[in-house]
1. At a Förster radius of 51 Å, what calculated FRET efficiency corresponds to the Cβ-Cβ distance of Asp379 and Asp113, to the nearest 0.05?
2. Under a Cβ-only charge scheme (Lys and Arg +1, Asp and Glu -1), can you give me the dipole magnitude of the chain about the Cα centre, in debye to the nearest 20?
3. Mean projection of the alpha-carbon convex hull of the chain over all orientations, in nm²?
4. For the pairs Lys236/Lys362; Lys48/Lys94; Lys180/Lys250; Lys142/Lys250; Lys362/Lys389; Lys142/Lys312, note any where the Cα-Cα span goes beyond 26 Å.
5. Build a GNM of the chain with springs between Cα atoms under 10 Å: which of Pro338, Pro151, Pro127 gets the top mean-square fluctuation?
6. What is the sum of charges around Leu68, taking Lys and Arg as +1, Asp and Glu as -1, for the other residues whose C-beta is under 14 Å from the C-beta of Leu68?
7. Fewest Cβ neighbours within 10 Å first, please rank Trp197, Trp155, Trp49 accordingly.
8. So if each residue of separation counts as 0.36 nm, and I subtract the Cα-Cα distance between His352 and Asp177, what length gain in nm does that give?
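We did not get these values from a lab; they are worked out from the coordinates using the rules stated. Quantities reported herein were computed from a predicted structural model and do not represent experimental measurements. A quick note on method: Cβ atoms are made from the backbone with ideal geometry, for glycine too, and the neighbour counts reach across all protein chains shown.
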Amino acid sequence: MTRIIADLHVHSRFAMACSGAINTASMEQAAREKGLGVIGTGDFLHPKWLEEMKSTLVQDGDSGLFVLKGSTGGTRFVLSDEICTIDVVNGFAKRIHHCVLLPSFEAVEALVDSLKGYGSLGSDGRPILSSGAAQLVEEVFKVDGRAFVFPAHIWTPYFGVLGARSGFNSIKEAYGDQEKHIHAVETGLSSDPAMNWRVSELDKYALISNSDMHSLGNMGRESNVFDIEGKLTYDKIIKAITDRDANKLKMTVEFYPEEGRYHYDGHRDCKFSVNPEVGNTTVCRVCGKPLVIGVLHRVNDLADRPLGFMPKGAVPYVHQVPLAEVIAYSMRTTKYSPKVRAAYGRLIERFHDEFSVLAEAKPDEIAEASSEEIADCIDNVRHERISIKPGYAGVYGELDLLGRSRSPAANPISQKSLFEFSS
């Protein structure tokens, strides 16, 4: 068996609000630093990115995966894209983000021809199509029966299939007769598997996690860990997901959901947020406007099981905090600081990749290669001894890894009910 960590949902520099430093070579370098064996390409419908990929990536034999031309790094690419569909029903615009994986450039080119009549494919790496979800899936599977489609970040308010503003209450309702092709859902940064286990309707789908990265540093912040027997192929990755077998899809690596940008209800402009489990309001107490209903609220709305329920055969997961964030917290600076990058580089040099540092390295060895504080932070993350001021309405949550905060807004993850309002 070969252990593979995969991040299947990423973006290129051609997607809105994404770093200009993203190209296939820099993606491979970032993947090696992170410890990822497989990464999505992102944005394969965008004509300029597709042209660049075709000139820099070559097939890895007949595996359905690709490698960087001339590289011996071993990172595999899987052709991927996130697509937004907007379907107007009775005057209500139903917006969903979907991820599509394909095993060949020929299939991608056929899909380009199939979808170009639904909207512009060159205006954004995440194209917006005038289509319903079922129609998109049907077009994808006409092109290639080996395609894999999953709804992206299913709980986020604006574009998640189960988000507060989607207009849908189930995957079946959204995808109709094409739901037969949906075998997995992406939980997104603001929820984790334990939250999703509370909704029995999701039991039939694999729960997967990906970074949805807009910059290289965020690659792998959520990912999937596989055990693959024999040669690594596209079909084996898809089968490991669809089988929902914990012997193949070993676990997912998760953001702490409280750190996600839509965990609590809130109003960004007024810097106001509320825990929906204890705060009985859906309007901003500062300006009186409606709050953006967050992921925790929406999960509670659809949940038919108690907190703590775990389905039989559920794939396990772990929470992690990206290494650059850990170092930045320890140094009381931003993750973009040269000091952070230097410390990050020393740890990667010592332990080979970020996942090894976060999950496997001994605390005393981490301290030796960096500092006692960084080692303590990582150990606290591993054992969930941290506090978080939860994110809301597009604002990331604030981590406290060493108990520095004495504010009531610091939310110990084992005592979520203690946090009510923040401003």
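1. On the way: r = 53 Å, r/R0 = 1.03.
After rounding, the FRET efficiency stands at 0.45.
2. In total the dipole reaches around 680 debye.
3. On the way: hull surface 79.9 nm².
The Cα convex hull of the chain, projected and averaged over all directions, gives 20.0 nm².
4. Working: Lys236/Lys362 33 Å; Lys48/Lys94 29 Å; Lys180/Lys250 24 Å; Lys142/Lys250 31 Å; Lys362/Lys389 28 Å; Lys142/Lys312 35 Å.
Violating the 26 Å limit, Cα to Cα: Lys236/Lys362; Lys48/Lys94; Lys142/Lys250; Lys362/Lys389; Lys142/Lys312.
5. Pro338
6. On the way: positive: Arg32, Lys54, Lys69, Arg76; negative: Glu28, Glu52, Asp60.
After counting each charged neighbour, the total is +1.
7. Working: Trp197 19, Trp155 31, Trp49 24.
Fewest-to-most Cβ neighbours within 10 Å comes out as Trp197, Trp49, Trp155.
8. Working: separation 175, 0.36 × 175 = 63.00 nm, distance 4.63 nm.
My answer for the length gained is 58.4 nm.
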